[in-house]
Amino acid sequence: MFGKRLKSRFAWFLVAGMLLAILLAGCAGNNGSNPSGPAPTPDNGKQPLVSAQPVAWTSNGTVTDNEYSQFQQIGPLQVFTRVEGDQVCMALRAQNNGYIALGIRPDFKMQGADDIICTISGGTVSITDAYSTGAFGPHPLDTELGGSNNILDPSGSQSDGWVTFEFKRQLVTGDNRDKPLTIGDNPVIWSVGRSADTSIQHTNRGSGTLTLR
């Protein structure tokens, strides 16, 4: 009898140990997050699809399936692009209620970056063509520095805690306050703010690479 009880207790401990190991393995597999992985997508569904042969592009502040040929995650920004001749059509999307910005080819920190700053305030969409004059700003409009506004067909929308902006520009604008975009890798910086007031310091920032093909 004693031997049977001992065997029964041993079997119980063996099963309990296996269950504990499985639970710990599951917890370990879900521990932490991958900062370079995809950002969460809106509640309404799936990540919009991209296609090597995209459908017609429309600037309406909404990214539809197969409207773009390429998707990249740069920090918290979802970046969709399609190159058409000497122009690039682009969408910037992020889970944020404030401004989002992308700076092209900075020289040092922020200095020399060709900044694309996107906001929605009171239903009004603004996508500005700016230039960082210092390592930590400011970033006045190109038009205030003798340049020109080269953001074409701007649009935007705000829904369910997400902002989306669409526009296009020449790959090479010829404006000395713009940086060229080339086929291949383009170094960029990014920032996000908690409000549409771009004078308020960003809540997060970083750098990455925008690849065009």
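The values are calculated or read from the model by the stated rules, or taken from the named source; none is laboratory data. Since this is a predicted model, take the numbers as computed values, not measurements. With ideal geometry, Cβ positions are generated from the backbone for all residues, glycine too; neighbour counts draw on all protein chains shown.
Where in the range 76-145 are the strands (runs of 3 or more DSSP E), entirely inside, with at least 3 residues that are more than 13 Å from the chain's Cα centre (by Cα)? Let's see the steps before the verdict.
Details: elements: 77-84, 87-94, 100-104, 114-121, 124-131.
In the range 76-145, the matching strands (runs of 3 or more DSSP E) lie at 77-84, 87-94, 114-121, 124-131.
Please indicate, with yes or no, whether at least one residue in the range 124-137 is surrounded by fewer than 20 Cβ atoms within 10 Å (Cβ to Cβ), closer than 23 Å to V50 by Cβ, out of contact with any Asp or Glu (no Cβ under 6 Å at 6 or more places or on another chain) and without any contact (Cβ under 8 Å) to a residue 40 or more places away in the chain.
no
Of everything in the range 152-172, what is surrounded by fewer than 19 Cβ atoms within 10 Å (Cβ to Cβ) and closer than 18 Å to A113 by Cβ? Give them in sequence order.
Listed by number, the residues that qualify are Q170, L171, V172.
Please indicate, with yes or no, whether at least one residue in the range 193-213 is among the aliphatic types (A, V, I, L, M) and modelled with pLDDT under 95.
yes
Any idea which residue in the range 173-183 is farthest from V83 (Cα to Cα), counting only those that are surrounded by fewer than 16 Cβ atoms within 10 Å (Cβ to Cβ) and touching a residue at least 24 places away in the same chain (Cβ under 8 Å)?
Checked the range 173-183; the qualifying residue farthest from V83 (Cα to Cα) is N176.
Among the residues of the range 71-86, which ones are surrounded by fewer than 18 Cβ atoms within 10 Å (Cβ to Cβ) and in contact with a Lys or Arg (Cβ under 9 Å, 6 or more places away or on another chain)? Give the steps one after another, and end with the answer.
From the range 71-86, those surrounded by fewer than 18 Cβ atoms within 10 Å (Cβ to Cβ) are 71-73, 83-86; that's our starting set.
Answer for the range 71-86, where residues must be surrounded by fewer than 18 Cβ atoms within 10 Å (Cβ to Cβ) and in contact with a Lys or Arg (Cβ under 9 Å, 6 or more places away or on another chain): V83, E84.
I'd like the full set of residues that are touching a Leu at 6+ places or on another chain (Cβ under 8 Å) and closer than 15 Å to A101 by Cα, limited to the range 193-213.
The answer is L210, and nothing else.
Read through the list (1) modelled with pLDDT under 95; (2) under 21 Å from D86 (Cβ atoms), then give the number of the only condition that Q111 fails.
(2)
Against the conditions (1) part of a loop (DSSP other than H, G, I, E, B); (2) more than 18 Å from the chain's Cα centre (by Cα); (3) within 18 Å of C89 (Cβ to Cβ), where does I200 fall short? Just the number, please.
Going through (1) part of a loop (DSSP other than H, G, I, E, B); (2) more than 18 Å from the chain's Cα centre (by Cα); (3) within 18 Å of C89 (Cβ to Cβ) one by one, I200 breaks only (3).
Evaluate the following for G85: is it farther than 26 Å from N204 by Cα and free of Cβ contacts under 8 Å to residues at least 12 places away in the same chain?
Values: farther than 26 Å from N204 by Cα: yes; free of Cβ contacts under 8 Å to residues at least 12 places away in the same chain: yes.
Yes: the conditions hold for G85.
Which residue pairs have Cβ atoms under 6 Å apart, sit 6 or more places apart or on different chains, and have a first residue in the range 184-203 that is surrounded by fewer than 21 Cβ atoms within 10 Å (Cβ to Cβ) and a second that is of a type in the set (F, W, Y) and in a loop (DSSP other than H, G, I, E, B)?
A196/Y99
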